[in-house]
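One structure, as structure tokens, below. Some questions next.
The values are calculated or read from the model by the stated rules, or taken from the named source; none is laboratory data. These numbers were taken from a predicted model, which means no experiment stands behind them. Glycine also receives a Cβ, built like all others from the backbone with ideal geometry; neighbour counts cover every protein chain displayed. Keep in mind that these areas ignore ligands, DNA and RNA; they rest on the heavy atoms of the full protein, side chains included. Shrake-Rupley method; radii C 1.70, N 1.55, O 1.52, S 1.80 Å.
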Amino acid sequence: MPNSKIALHTKNSIHFILISVLSLSLFGCGGGSSNTTNVPNTTPISDTSSQPKPLEIISFENKLPQLAMLTKVAHNIEFFHPSDGVADTDWDTFLPYAMYRIAKTNSTDEQVSVLNELFSGIAPSVKFNSNTTGPTFSPDTDLLVWQNTSYVDQNATALEKSDSSYSRKRVSIKAADLGKNPRLANASFARYSVDQISILQPLVLETKAGKTLPASSAFALPKSISLSKSFDNPYQCLASAAKIWAVLDNFWPYFADIEVDWDAELIPLLKSCNTTERASTALDLALRLALTKLQDGHMVLEVPGALPLRFTPNFSLLMVEDKATIIKPDAQGLLDIGDEITEIDGSSVSSLLPTAKRSTLKDTRDTASVALRSLLLRDSIRPIKLSIRKANGEIQSKTFNADTTPTLGASTIERYFYSMPSAVYQVLPNNIHYVNVSRLPKADHADTINKLKLANGIILDMRSYPSSNSFWWEFLSHFSKDALIDPPIYMPYANAPNRANWFRELTGEEVPASLPTLSTNVVALSSRFGISQTDQVLGFAQRAKIKIIGEQTGGINGEVTTIYVRGENSVDLQLKFTGTEVRQLDLSRHIGIGIKPDITVNQSIAGIRAGKDEILETAQQILLRPLGK
């Protein structure tokens with residue numbers, strides 16, 4: 001890692017929230033008197049000298065390496081140093097102030113002095129550029145250590161925390177047991193260096209009477225300072241960029257699979273905040289460019305204050321056969337299903353797509369479609385000029401108003417793209433039974449299984465997101481003679497500031513086989529839009545040796561968690577990301593790959609125009625073969 005050398009148990013990571021400065025000035029005023037007797041003015045004059053003042057806004061373009069250093073050090077301490085001060089500190093308050101302090105330094109000695117000042121109360125046993133030796137303990141010493149089960153944000157609600165599989169807590173152990181629990185740190189301290197500053201950071205601390213030693217306390221912002229929570233404020237912006245980078249660096253579980261230099265992404269993210277324009281908009285774009293490289297299809301980013309793109313024309317389109325294809329026409333009837341958009345406001349779609357793809361936050365089978373739809377988004381209601389190629393090859397020029405809130409729901413895809421049957425359960429020719437498993441009510445489960453016993457062939461449509469994951473498991477348990485086991489799911493435990501020390505624990509569900517068994521002449525249908533639970537249940541189908549027909553799925557699975565950065569008026573910056581690692585049945589990579597069908601069938605433009613469900617038709621043909629038809 002550039003500018004970061006880690007010895008033994010460390011990691012260049014941080015998690016933080018930066019809150020900036022509120023421009024608030026209060027002025028008192030006193031009035032004179034026209035009375036010739038010169039009566040004294042009794043109106044009190046407000047003393048502004050004691051009022052909290054915003055942090056000075058300074059350019060930090062030449063201090064980016066130092067701010068990156070603080071990002072890594074502060075989050076290493078927050079996540080892996082178990083002092084009471086660390087546990088009790090409001091990091092949303094500490095980190096913006098710390099950023100400001102480091103931005104004003106002009107030498108390494110000044111930086112070390114500021115670090116000592118900032119952390120002396122929170123984490124007094126952490127040492128900077130010191131020859132201090134690491135702590136040692138007698139075997140019966142009571143110690144405290146962090147256990148990070150993936151990531152849960154300090155700002156998450158109590159309900160979110162209780163519903164999540166993820167947690168963060170301090171655990172008591174005896175010194176003699178240090179290194180015996182792989183979920184916890186396996187050494188008493190970490191020694192590492194970042195940007196010419198060496199850090200000795202204890203990973204465990206002695207406790208007595210319920211308090212960690214040495215005594216520590218939560219950070220208190222100087223009373224003379226006020227902080228802004230506007231994401232257009234440079235310090236709040238810095239905090240947001242740094243926190244997102246650091247949380248992912250410490251807790252995102254797929255770096256072994258994705259070729260990305262995440263360390264190199266930090267300074268460009270911080271640099272985006274050094275602007276006199278809308279910092280929130282610059283941050284939003286910088287984050288999207290960096291996060292898209294991770295190929296996490298679960299990611300959803302919301303940056304309050306960023307220039308909103310809220311309007312689009314009132315039609316739906318997708319990339320089909322590498323063409324921008326209308327799947328749902330406009331209300332005015334100017335477009336037909338299957339029409340191709342070739343130009344947008346005079347620029348070819350093919351020339352616009354590469355840049356748009358870089359900031360989609362996705363890398364799924366549908367990345368190009370996400371990028372395509374983003375090309376039609378506008379920040380206000382205004383016209384968009386499009387060039388359209390009709391089915392007969394004729395090129396037409398049409399103008400549409402971007403006046404509709406963008407939506408492309410499952411129902412639109414099911415009806416207009418796939419032309420899926422409207423019925424949840426249907427008997428097709430040759431006694432082939434079709435079931436849309438995602439829309440099958442649980443109350444109809446037993447009756448449906450009984451009907452399927454009479455079928456010559458069974459089609460399980462799993463192209464839509466399941467309404468109930470556990471119900472899908474229960475339903476699929478009738479299609480295997482053996483218990484069904486989840487695809488391999490690993491829970492990460494970040495236990496020290498070095499990703500190499502992570503512990504990955506295999507988890508998952510096992511569903512026993514159910515009677516009656518319906519394991520002959522069965523196929524399942526897959527979609528390129530399938531992610532997460534859809535991939536999970538298709539993994540069960542693979543376990544049951546059910547043949548999968550259709551498209552390769554999106555390629556992301558695992559439980560989602562959320563990063564929060566507190567903003568003005570309780571409107572927070574948020575990033576959702578995947579917190580657990582899921583792999584294929586053979587333990588190979590799943591992210592960006594997804595579930596590969598046994599027989600690949602892609603919906604074509606001709607099929608969309610004709611209203612044909614080509615995947616379903618192929619499945620019917622496959623099921624007829626064992627019947628000799």
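Using +1 at the C-beta of Lys and Arg and -1 at the C-beta of Asp and Glu, which of Ser107, Thr157, Pro139 has the Cα lying farthest in the positive direction of the dipole of segment 90-244?
Most positive-ward Cα: Pro139.
So which trypsin sites (Lys or Arg not before Pro) in segment 463-505 pass both tests, a DSSP loop state and at most 15 other Cβ atoms within 10 Å of the Cβ?
Working: sites: Arg463, Lys481, Arg499, Arg504; in loops: Arg463, Lys481.
Here the trypsin sites (Lys or Arg not before Pro) that fit, given the DSSP loop and packing criteria, are Lys481.
Report, in cubic angstrom per residue, the convex hull volume of the C-alpha atoms of segment 83-204.
Numbers: hull volume 14.9 nm³, N = 122.
Once divided by residue count, the hull of segment 83-204 is 122 Å³.
In nm, to one decimal, how far is the modelled label at Leu289 from the one at Ser519, with both set 7 Å along Cα→Cβ?
My value for the distance between the label points is 5.4 nm.
Continuing with the same structure: Can you give the extra length, in nm with one decimal, that the chain gains between Gln396 and Lys545 once fully stretched, where that is 0.36 nm per residue apart less the Cα-Cα distance? Display every interim value, and only then the final one.
Details: separation 149, 0.36 × 149 = 53.64 nm, distance 4.90 nm.
Full-extension gain reported as 48.7 nm.
Determine the dipole magnitude for segment 479-628: charges of +1 sit on the beta-carbon of Lys and Arg, -1 on that of Asp and Glu, nothing else is charged, the reference point is the Cα centre, and the result goes in debye to the nearest 20.
Working: 15 positive and 16 negative charges, 74 e Å.
The calculation lands at about 360 debye.
Please list Thr360, Thr355, Thr276 in order of solvent-accessible area, largest first, computed with a 1.4 Å probe with all protein chains present.
Working: Thr360 15, Thr355 90, Thr276 135 Å².
Accessible-area ranking of Thr360, Thr355, Thr276, largest first: Thr276, Thr355, Thr360.
If the only charges are +1 at each Lys and Arg Cβ and -1 at each Asp and Glu Cβ, what is the size of the charge dipole of segment 281-431 around the Cα centre, to the nearest 20 debye?
On the way: 17 positive and 17 negative charges, 34 e Å.
Once rounded to the nearest 20, the dipole reads 160 debye.
Using 0.36 nm times the number of residues separating Ser570 and Ser198, minus their current alpha carbon distance, what extension gain do you get? Don't skip to the end; give the middle numbers.
Details: separation 372, 0.36 × 372 = 133.92 nm, distance 3.77 nm.
Taking Ser570 through Ser198 to full extension adds about 130.1 nm, to one decimal.
What FRET efficiency, computed as 1/(1 + (r/R0)^6) with R0 = 51 Å and r the Cβ-Cβ distance, is obtained for Glu474 and Asp403, rounded to the nearest 0.05?
Values: r = 45 Å, r/R0 = 0.88.
Working from the Cβ atoms, E equals 0.70.
Now, a different point. For a label point 7 Å from the Cα of Thr600 along Cα→C-beta, name the residues of segment 545-582 whose backbone N is under 13 Å from it.
Residues 550-553 fall inside that zone.
Taking Cα extents along the principal axes in Å straight from the coordinates, which label in (i) 74, 69, 66; (ii) 103, 76, 46; (iii) 77, 62, 44 is the correct one?
Step by step, Cα extents along the principal axes in Å for this structure corresponds to label (ii).
If you don't mind, there's one more thing I want to ask. How much length, in nm to one decimal, is gained on full extension between Ser172 and Arg382, taken as 0.36 nm per residue of separation minus their Cα-Cα distance?
On the way: separation 210, 0.36 × 210 = 75.60 nm, distance 6.10 nm.
Residue separation times 0.36 nm, minus the Cα-Cα distance, leaves 69.5 nm.
Here is a follow-up. So how strong a dipole does the chain carry about its Cα centre when Lys and Arg Cβ are +1 and Asp and Glu Cβ are -1, to the nearest 20 debye?
On the way: 61 positive and 64 negative charges, 115 e Å.
It works out to roughly 560 debye.
At a Förster distance of 51 Å, what's the computed FRET efficiency of Asp444 paired with Thr355, Cβ-Cβ distance as r, to 0.05? List each step's numbers first, then the result.
On the way: r = 48 Å, r/R0 = 0.93.
Approximately 0.60, to the nearest 0.05.
Using the Cα centre of the chain as origin and beta-carbon charges of +1 (Lys, Arg) and -1 (Asp, Glu), tell me which of Leu518, Leu375, Leu386 is placed farthest towards the positive end of the dipole.
Selected residue: Leu518.
Can you give the relative contact order of the chain as a percent, counting alpha carbon pairs under 8 Å and 6+ residues apart? Can you show the working numbers first?
Values: 1404 pairs, mean separation 97.4, N = 629.
Computed over the chain, the figure is 15 percent.
Per residue, how much accessible surface does the chain expose to a 1.4 Å probe? Answer in Å², no decimals. It would help to have the intermediate numbers written out before the result.
Numbers: 26930 Å² over 629 residues.
Spelled out: the 1.4 Å probe surface of the chain, per residue, equals 43 Å².
Measuring from label point to label point, each 7 Å out along Cα→Cβ, what is the Glu117 to Ser224 span in nm?
That separation, rounded to one decimal, is 1.0 nm.
Which whole-number percent gives the relative contact order of segment 443-542, counting Cα pairs below 8 Å spaced six or more residues apart? Show your work: numbers first, answer last.
Working: 139 pairs, mean separation 40.5, N = 100.
Relative contact order for segment 443-542 comes out at 41 percent.
Can you give the FRET efficiency for Ser138 and Leu307, using 1/(1 + (r/R0)^6), R0 = 60 Å, r = Cβ-Cβ distance, to the nearest 0.05? Spell out each step's value before the answer.
On the way: r = 60 Å, r/R0 = 0.99.
So, using R0 = 60 Å, E works out to roughly 0.50.
Modelled label-to-label distance, Asn430 and Ser130, 7 Å Cα→beta-carbon offset: nm?
Calculated label separation equals 7.8 nm.
Going by a ≥ b ≥ c, the root eigenvalues of the Cα gyration tensor, does segment 376-471 fall in the rounded group (a/c under 1.5), the prolate group (a/b larger than b/c) or the oblate group? Could the numbers behind the result be given before it?
Values: a/c = 5.38, a/b = 2.16, b/c = 2.49.
Judged from the Cα gyration tensor, segment 376-471 comes out oblate (a/c at least 1.5, b/c at or above a/b).
Considering only protein heavy atoms and a probe of 1.4 Å, how much of the accessible area of the chain is carbon and sulfur, as a whole percent? The partial results should precede the final answer.
Numbers: 13280 of 26930 Å².
The computed percentage sits at 49.
Just check segment 444-559 against the gyration tensor rule for me: Cα atoms, a ≥ b ≥ c as the square roots of the eigenvalues, rounded for a/c under 1.5, and otherwise prolate or oblate depending on whether a/b exceeds b/c.
On the way: a/c = 2.75, a/b = 1.93, b/c = 1.42.
Prolate is the answer for segment 444-559, as a/c is 1.5 or above and a/b outweighs b/c.
Near Lys211, which lysines are there with a Cα under 22 Å away, not counting those fewer than 8 places off in the same chain?
Result set, ordered by chain and number: Lys127, Lys169, Lys174.
Once you order the gyration tensor axes a ≥ b ≥ c over the Cα atoms, which shape class does segment 341-407 get: rounded for a/c under 1.5, otherwise prolate or oblate by comparing a/b with b/c? Could the numbers behind the result be given before it?
Details: a/c = 1.99, a/b = 1.26, b/c = 1.58.
Because a/c hits 1.5 or more and a/b fails to exceed b/c, segment 341-407 counts as oblate.
Run the 1.4 Å probe and let me know the accessible area of Ile489, rounded to the nearest 10 Å².
Accessible surface of Ile489 is approximately 20 Å².
With contacts defined as alpha carbon pairs under 8 Å and 6 or more residues apart, what's the relative contact order of segment 328-456 in percent?
On the way: 131 pairs, mean separation 23.2, N = 129.
Once normalised by length, the contact order is 18 percent.
Could you estimate the translational diffusion coefficient of segment 164-279 from the Stokes-Einstein equation, with Rh from the Kirkwood formula over C-alpha pairs, at 4 °C and 1.567 mPa s, in whole µm²/s?
Details: Rh = 18.3 Å.
Translational diffusion coefficient: 71 µm²/s.
Under 18 Å from a point 7 Å along the Cα-to-Cβ line of Thr412: which residues of segment 320-339 have their amide N that close?
In segment 320-339, the label zone of Thr412 (backbone N under 18 Å from the point 7 Å along Cα→Cβ) covers 320-321, 323-339.
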